[in-house]
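The values are calculated or read from the model by the stated rules, or taken from the named source; none is laboratory data. Keep in mind it's a predicted model, so treat the numbers as computed, not measured. Cβ coordinates were reconstructed from backbone atoms using ideal geometry, including for glycine residues, and neighbour counts include every protein chain displayed.
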Amino acid sequence: MLSLSGLNLLAWTPFDPWHLLVIGIVALLLFGKRLPDVGRSLGRGISEFKKGLKDVGEELNKDDEASSGRLTPPRDGGESRESRREPAETGSGENRDR
């Protein structure tokens, strides 16, 4: 049985750890001057992404509250138009305005 603690992830890659170290050093030499700019733009992008997620979450919460009826009741005591209507007249209609 293979346990996770004995699993060496670098053994599964086609590169030795030394190859990865050399590739990292070469990348640092080639892109070293641009790394602060790349890091800064990456940080801005992540913060804008988080802000966008927060805004979308707030919009969804507002929509959920509106659809579930948690909004404040109307100021007229909560009566709807139907409950305020006067009852319809009953009768044969003969005594109506002619």
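For the condition assigned to a helix (DSSP H, G or I), of a type in the set (A, V, I, L, M) and at pLDDT 60 or above, what is the one hit in L10, L60?
L60
Checking the conditions here, which among S47, S92 is modelled with pLDDT under 90 and either loosely packed, with under 10 Cβ neighbours inside 10 Å or not aliphatic (A, V, I, L, M) (or both)?
The unique qualifying residue is S92.
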